[in-house]
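Some notes on the structure that comes next.
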Amino acid sequence: MSATAAITLPAHAGPDVFWDPEDVAHIVETATGTSDVVSESTSDTDSVSVITSDTGTIDIPRSASDSVTMTGPSGEKMGIDLPVDDLDSSGKSESGTVAYATGDAPVATAVQATTDGDIRTLMTLKDKTAPNQFSFALDLPEGVELSVGDSGEILMTKDVTLDDAEVDSVLSDGETADALDPDGDGLVTLVVGEIEPPWAQDANGASLPTSYEVSGSTVTQTIETSDDTAYPVVADPKVSFGWWIYVRWSKSEVKKVSSKIAGGVAVASAVCNAIPNSTAKHICLALSGYTLAHLGAVFVHAATHDCKVEVKWKYSPVYKTKQYDCDD
C-alpha cells in the first residue's frame, strides 16, 4: 500500500468522542482506498460478511471476540483473533469494510476482504493514550509454523514428506520430489500463507516505523509513535492464506525477460513460457492482455532498478509480484 493520503475525521467525530463503526470504516478507507475491497458478500446470524471465491472463503464475524477465518480452496483453514475483543459494536460500509468500535475506547479495529483473496486487519489508534502494540493470535492448521522473512513479512510454512500429495502441486515438468529435498532429510517445506510487511500511517499520511515479532502462533505488531505523530493512526497486517506457487527470477533472468519484451517479444512468451512449474505457466498464459501488460511492466521496472522478481500464483488467474534486493 502506498500510504500518502491524509486522514480526515468525520464531521461529528469530535476529539472527546470515539467513532462508531461507520466512522472507523471511513478513516480506514481513507488510508487504504477501496478499489481492491470486496463489497459483495452474504451474511448470517454469526457473520457480518462471508465472501466465497475460487481462492477460498473469508468469514468476518459480527463480534470482535470471534475469529476471522480464512479457508483455502483445498479446505485448509486458519483463524485470526483480533487484538481488541471488547468492542461491542460492528458494522459494514458500502465498500465492504467491517469495523468494530465501542464508546470512548482509544482503539478500534476493522477487517477488509480484498479482491485477491486476502484480508487486511486494521487497527485505528485514536490518540496518544492508545496502545502501540497489538497481538494477533492465529489458529493455524496442524504443522504450520511462522517465521519472519528478510523483508519483514511473515511466512507460514509446513514441512511435508516427499510422498505427500501436496508436493506434486509445486513440482516443475519432469521434476521429481527429490529435487525439492537438497539436504536429504525426506521433508519439503511448503509456503502456505504470508503476512505482508507491516505498514502504519498517521493522520497526515506520514509513514510510521512498524515491525512484527513472532512467538509461537502469535504475531505482535509494534507501531513507533512520537510527539510529532498526528492521530488517528491506522496500521495493518495483510494476510494471505492458501497454497501458493512461488516463482523467482534472479537479476540476470529479470534482465533477459525485460530485454525480450523490449525487443518486441510478447509477454506471454517472455514470461509465461519461462515458468518451469506447469500449473503456474498455464495460469500465466490464461491472463488477459491488460494483466499480462502489467506483469511485463513489473519486469521492465525491475530490470531498470536491478531487482529480483518474485511472483506468487494461486490456482486461478490470481498472482502477486514482489521486486526485491534492488541496487537502487
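Taken together, the values in this text are just the output of simple stated rules run on the coordinates, not laboratory data. These numbers were taken from a predicted model, which means no experiment stands behind them. Cβ atoms come from the backbone with ideal geometry, glycine included; neighbour counts cover every protein chain shown.
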The relative contact order of segment 17-128, taking Cα pairs under 8 Å that sit 6 or more residues apart, comes to a percentage of 29
Please report how far the C-alpha centroid of segment 66-116 lies from that of segment 285-307, rounded to the nearest whole angstrom.
-> 33
For segment 75-144, listing GluC sites (Glu not before Pro) in a DSSP loop whose Cβ sees at most 15 other Cβ atoms within 10 Å gives GLU94, GLU142
Report the net charge of residues surrounding GLU142, where surrounding means a beta-carbon distance below 12 angstrom and charges are Lys +1, Arg +1, Asp -1, Glu -1.
-> -2
Taking a 19 Å limit on the Cα-Cα distance, which of the listed pairs LYS260/LYS308; LYS255/LYS322; LYS77/LYS322; LYS281/LYS320; LYS77/LYS238 fall beyond it?
-> LYS77/LYS322
